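The next block holds one structure in the form of structure tokens; read it before the comments.
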Amino acid sequence: MENLVNPKLRDELKKFGVQDWEGCYHCGQCTANCPLTEQGQLFPRKDIRSMQMGLKKTLAGSLEPWLCYYCGDCSKECPRNANPGEMMMALRRYLTSVYDWTGISKLIYNSKIAEFALIFIIAALVLILSIIYSQVPDRSLWITPEGGVAINQFFPVEYVHFGDMVMFVLLAGLLISNIVNMYFKVIVNQGIKVHFINYFTEFWALIWNFISQKKFSKCDSKPYWYVHLFLVTAYVTLFVMVVAFLTWFQTDTIYAWYHPQRILGYYATLGLFAGTLYFIYQRSRKTKENSKHSHYTDWTFIVLLFLSTLSGILVHVFRINGMALATYYIYIAHLMILTPMLMIEVPFSKWSHLAYRPFAIYFARLKKAAENKQKEANMEATYKLKESIA
Amino acid sequence: MEEYRIGVYICWCGTNIAMMVDVEAVVEEIKKLPNVTIAKDYKYMCSDPGQDLIVKDIKEHHLNRIVVAACSPRMHEPTFRKALENAGLNPYFFEMANIREQVSWVHTDRIEATRKAKGLVAGAVKRVVHHKALNKRYVDIHPATLIIGAGVAGMSAALEIADSGQKVHLVEQCNQLGGMVRKVDLNYPYLNSSRQTISQLIKNTEEHPDIQIYTESKIDKISGYIGNFRALLSNHQEQRELEFGNILIATGLKSFDPSIIENYGYKRIPNVITSADFEKMLYSGLIHCENGKEPGNIAIIHCVGSRNENYHPYCSRTCCMTALKYINQISSAAPECNIYDIYADMRAIGKDCEELYASTSKKNVMFLMFDQQHDLPVIKQNGNGKTVSIEFTELLSGESIHIQANMVVLMTAVESQANNKEIAHLAGISTDKNGFFIEKHPKLDPVATTTEGVYIAGTCQSPKDIPDSIVQAKAAAARILATIAKGKVQVEVTTAQVNEDICCGCQCCASVCPYSAISYNEDKKVSEVNEILCKGCGTCASACPSGAIVSKHFTDNQILSQITGVLEMQIETA
């Protein structure tokens with residue numbers, strides 16, 4: 001049945017990090033303060049109301065949580081300390097599980113044990129594959145004829161690259177299917193009729209927002225945005241190099257420091273390292289609104305990302321210093337952290353926002369275009385009616 | 001013939017009058033009038049120096065009539081009358097012209113305003129010579145008190161009065177004391193037992209030697225006036241007469257019947273019950289549906305019959321907090337039960353009530369807001385017969401929603417007792433448009449009525465909770481005890497008077513008198529005015545076809561000469 005009030009949803013949402021249900025009495029201060037909310041996309045108050053009432057369908061169709069970048073102004077100004085910012089964050093976690101058709105996301109968000117078990121299973125799988133495919137007992141590989149560490153022969157780069165591609169296809173498939181699911185929930189099920197041409201005309205907004213994080217920049221906390229942008233560019237750079245150009249990026253030959261391979265690598269590493277450290281620091285200090293409340297999945301994400309970066313750095317340091325065995329071990333460890341991190345975070349958990357946020361902006365624009373079209377049609381109909389009466 | 005020596009004082013009222021009225025020109029014009037001995041203007045006539053000016057002039061110039069042109073007489077007529085008294089003059093040898101509210105505040109043309117002021121003052125001058133000396137009158141107070149209604153208000157007042165050693169007649173129409181509170185299980189905000197609270201009060205009342213209780217009794221007639229009332233009281237066996245000096249009405253109120261609200265289907269749909277029904281259920285200790293099962297989902301709808309022009313426009317005052325009480329009681333009796341509280345505005349007025357709301361919101365309850373004016377929820381019975389669905393637009397989300405519930409509790413409004421009009425007529429007081437008794441002044445005197453010696457307390461005046469009822473009851477008791485302590489009370493002197501030589505006995509006057517102050521003397525065949533009941537409103541004087549009734553201080557002579565004065569001055573200054 002549609003729009004049935006469901007008091008049980010509260011218990012479900014609690015697992016996603018909602019602490020205080022009763023705090024909000026709907027004064028609307030949060031919405032009035034929000035730098036991002038606008039006519040037709042009112043948040044956070046409306047979403048909080050839907051959460052309180054357990055309106056599943058309304059929530060599933062709500063794009064607003066993704067349009068919020070958690071500057072925390074709403075929580076700061078809330079006269080009841082109801083924490084609207086964190087409620088929106090919790091709603092994003094919930095929606096991530098709603099879009100995910102496999103149910104894994106819900107499992108991760110609702111059970112710490114499940115999340116850690118998944119991490120260990122994937123890590124173990126990587127370890128087994130590494131043992132099978134790497135050439136670790138072969139002592140001749142310890143030092144290449146050029147004197148460097150033969151990482152690409154120790155664990156043949158074609159295999160890694162192949163694994164890379166498999167993972168990429170898997171991740172893309174899951175993420176895309178979740179986005180399609182999201183599309184159905186926010187556009188189709190809500191009865192929004194989008195004009196065909198608008199799918200193309202509005203597409204630039206998706207690209208532009210993905211690259212620029214433009215919307216995010218409207219939030220008040222500027223340093224946060226810079227750090228985040230640095231992290232995003234670093235991550236994208238590294239992702240492209242690893243997935244598309246691994247054979248170029250991961251060589252046994254050590255180039256001079258100014259070689260683009262190394263420059264890009266350092267840029268990405270610095271971005272990831274500084275970014276993750278910054279976020280770990282903020283979450284531990286708990287002074288900013290957006291870092292005060294951490295769900296365990298937030299910590300898993302940031303710690304895994306940090307460890308991936310750290311192990312990557314160590315691989316590099318050991319390799320250029322010719323420490324073969326250390327390089328090989330740390331390389332396997334690096335893969336064992338990186339793979340579960342990507343497999344869990346990208347399609348099922350926190351990192352999925354990299355896709356949901358820009359797509360939400362895209363869908364919101366489609367919605368607006370559809371509404372405008374409807375308005376025009378209504379006006380035309382009124383005009384025609386008036387004319388026929390005249 | 002008496003020589004008239006009139007003193008006229010024109011007030012500036014700071015700039016309030018002086019900015020629009022040429023005060024000095026008025027003085028000059030008035031000086032020319034006959035009988036005016038002196039005319040002066042002054043910044044603030046009501047100030048002490050202003051009043052001293054009058055007193056001094058009366059003594060020096062042997063003035064015997066005073067006119068003050070200033071503000072509305074409502075506030076300062078008593079002030080100036082007092083000044084006349086201080087100078088040894090009868091206070092009724094005084095007339096006030098209102099040149100502030102009726103002139104300076106409402107006009108924009110200074111010349112015309114001045115002209116109007118001159119006219120009003122001239123009218124007052126012309127009138128004041130016809131004023132007669134009137135003297136204060138007092139009546140003795142009978143020390144007993146009649147209290148109608150033995151609810152929490154009636155009993156509290158009775159104990160207060162009786163504890164000071166005065167006799168109380170406590171009349172109750174039911175067979176036991178306690179009123180509405182007796183029907184309530186727990187009371188908010190502390191959720192303690194009403195039964196305990198009320199039983200102590202009942203016990204003290206019943207055992208008090210100075211309180212005479214008459215249960216299952218009704219009052220047939222009240223006659224007399226402040227200090228000297230009589231009432232006829234009857235029960236099924238006998239009729240008796242009581243004598244007392246003051247009356248306290250504390251008749252309480254009753255529940256509204258929601259079956260006229262189509263949307264809610266009360267009495268038509270099973271498991272839709274009123275708060276009174278639910279209270280009984282709580283009292284019995286078992287919350288159950290009609291099939292005997294414990295409900296898993298209970299909806300509570302607020303403002304049923306309240307705050308809606310189609311039913312009652314007022315707020316019933318206690319239902320919001322009672323609903324919160326229910327939520328607490330339901331969640332302790334059935335912790336798994338989902339509660340939907342469908343409210344219009346959560347009115348948590350009163351000590352610790354907001355705190356009750358805050359703690360209740362932590363229970364297993366969902367607060368949903370509806371529009372009590374235009375969009376009442378619709379309750380429909382579901383096919384299974386076990387549940388009902390409630391549909392409405394939730395205001396905070398703007399969504400059209402529906403709820404499945406096993407039981408719906410309607411927080412019904414309270415309304416005035418059906419026989420309030422009758423009681424009002426007996427006691428000579430009035431009811432408002434909702435049937436509640438009208439107090440003398442909504443802010444300054446909320447326990448007295450327009451009839452001297454008749455007081456109101458508790459929910460018969462307006463819906464209120466237990467503490468507020470008791471506060472009002474005890475305030476009324478204090479007022480009554482004050483009159484008893486004084487032993488006598490001053491009464492109105494500007495009353496109506498019948499000229500028995502002219503009166504033809506048609507009794508037109510008696511039929512229009514709003515204070516039941518006129519009675520018919522069968523022996524003399526004329527109407528008689530009870531000067532203690534009379535408020536001097538003048539209705540009878542204008543109704544009398546033969547001009548036999550005169551309103552003291554508002555005689556035809558006085559009014560006509562005032563009009564003449566105004567018109568003459570208007571012609572002169574035209």
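Read-outs: derived from the displayed coordinates by stated rules, not from any lab. Note that the structure is a prediction, hence the values are computed from the model and not measured. FYI the Cβ positions are ideal-geometry reconstructions off the backbone, even for glycines, and counts take in every protein chain you see.
Modelled spin labels at B:Asp109 and A:Tyr133, positioned 7 Å past Cα toward Cβ, are 10.4 nm from each other.
Computed from Cα atoms, the angle from the helix A:84-99 axis to the main principal axis of chain A rounds to 70 degrees.
The GluC sites (Glu not before Pro) of segment B:158-266 that DSSP puts in a loop, and whose beta carbon has at most 12 other beta carbons within 10 Å, are B:Glu238.
Residue by residue along B:366-375, Cβ atoms of other protein chains within 10 Å of the local Cβ number 2 on average. Each peptide in A:22-31, A:121-130 receives the mean, over its residues, of other Cβ atoms within 10 Å, and ordering these scores from highest gives A:22-31, A:121-130.
With neighbour counts taken as other beta-carbon atoms within 10 Å, the residues A:Val157, B:Val21, B:Val489 rank, fewest first, as A:Val157, B:Val489, B:Val21. Positive contributions from Lys and Arg (+1) and negative ones from Asp and Glu (-1), summed over other residues with Cβ under 13 Å from the Cβ of B:Leu33, come out at +3.
A Förster radius of 51 Å combined with the Cβ-Cβ distance from B:Phe554 to B:Lys183 puts the calculated FRET efficiency at roughly 0.50. Projecting the Cα atoms of B:Ser259, A:Tyr278, A:Gly72 onto the charge dipole of the protein assembly as shown (Cβ charges, centred on the Cα centre) puts A:Tyr278 farthest toward the positive pole. Counting neighbouring beta carbons within 10 Å and listing from fewest to most, the residues A:Ser105, B:Ser72, B:Ser316 come out as B:Ser72, A:Ser105, B:Ser316. Loop-located trypsin sites (Lys or Arg not before Pro) in segment B:296-333 (DSSP state other than H, G, I, E, B) with a sparse environment of at most 14 neighbouring Cβ atoms within 10 Å are absent. Set Lys and Arg Cβ to +1 and Asp and Glu Cβ to -1, take the dipole of the protein assembly as shown about its Cα centre, and tell me which of A:Val243, B:Ser469, B:Ile502 lies farthest positive. Looking along the dipole axis, the top candidate is A:Val243.
What size of dipole, in debye to the nearest 20, comes out for the protein assembly as shown about its Cα centre when the only charges are +1 on Lys and Arg C-beta atoms and -1 on Asp and Glu C-beta atoms? Provide the component values of the computation, followed by the final result.
On the way: 95 positive and 93 negative charges, 409 e Å.
Here the size comes out at about 1960 debye.
Just to confirm the number: angle between the C-alpha axis of helix B:73-86 and the first principal axis of chain B, 0 to 90 degrees, nearest 10? The two axes meet at around 50 degrees. For the protein assembly as shown, the 222 nm mean residue ellipticity estimated from helices alone, with every DSSP H stretch of n ≥ 4 adding -39500 (n - 2.57) and the total spread over all residues, rounds to -14500 deg cm²/dmol. Segment B:460-531 and segment B:129-202 have their alpha-carbon centroids 20 Å apart. Ranked for footprinting exposure by Cβ neighbours inside 10 Å, fewest first, A:Trp66, A:Trp204, A:Trp225 give A:Trp204, A:Trp225, A:Trp66. In chain B, the longest principal axis of the Cα atoms and the axis of helix B:152-163 are about 60 degrees apart.
I'd like the mean, over residues of B:355-362, of how many other protein chain beta carbons sit within 10 Å of each residue's own Cβ.
Neighbouring Cβ atoms belonging to other protein chains average 2 per residue here.
Counting only cysteine Cβ atoms and a cutoff under 4.7 Å, chain A contains unmatched residues A:Cys24, A:Cys27, A:Cys34, A:Cys68, A:Cys78. Pairs of Cα atoms nearer than 8 Å and 6+ residues apart set the relative contact order; for chain B it is 14 percent. A straight Cα-to-Cα reach below 18 Å connects B:Lys118 with the lysines B:Lys31, B:Lys32, B:Lys40, B:Lys43, B:Lys126, residues fewer than 8 places away in its own chain not being considered.
Of the trypsin sites (Lys or Arg not before Pro) in segment B:521-574, which ones lie in a loop per DSSP and count no more than 15 other C-beta atoms within 10 Å?
B:Lys524, B:Lys525
Of all the stretches in chain A, which is the longest one without any exposed loop site, taking trypsin sites (Lys or Arg not before Pro) in a DSSP loop (any state but H, G, I, E, B) with at most 13 other Cβ atoms within 10 Å? After excluding every exposed loop site, the longest remaining stretch is A:9-192.
Computed from the Cβ-Cβ distance with R0 of 45 Å, the FRET efficiency linking A:Val240 to A:Gln374 stands at 0.65. Counting only residues at least eight positions apart within a chain, or on another chain, the lysines with an alpha carbon under 27 Å from that of A:Lys222 are A:Lys46, A:Lys76, A:Lys214, A:Lys286, A:Lys288, A:Lys292, A:Lys350. Distance between the 7 Å Cα→Cβ label points at A:Lys286 and B:Ser199: 5.0 nm. The mean number of Cβ atoms from other chains found within 10 Å of a Cβ in peptide B:395-405 is 6, as a whole number. Close lysine pairs were tallied over segment B:331-481: pairs 8 or more places apart or on different chains with Cα atoms under 22 Å apart number 15. Taking the charge dipole of segment A:112-368 about its Cα centre, with +1 at Lys and Arg Cβ atoms and -1 at Asp and Glu Cβ atoms, the residue from A:Gly322, A:Ala150, A:Val232 reaching farthest to the positive side is A:Val232.
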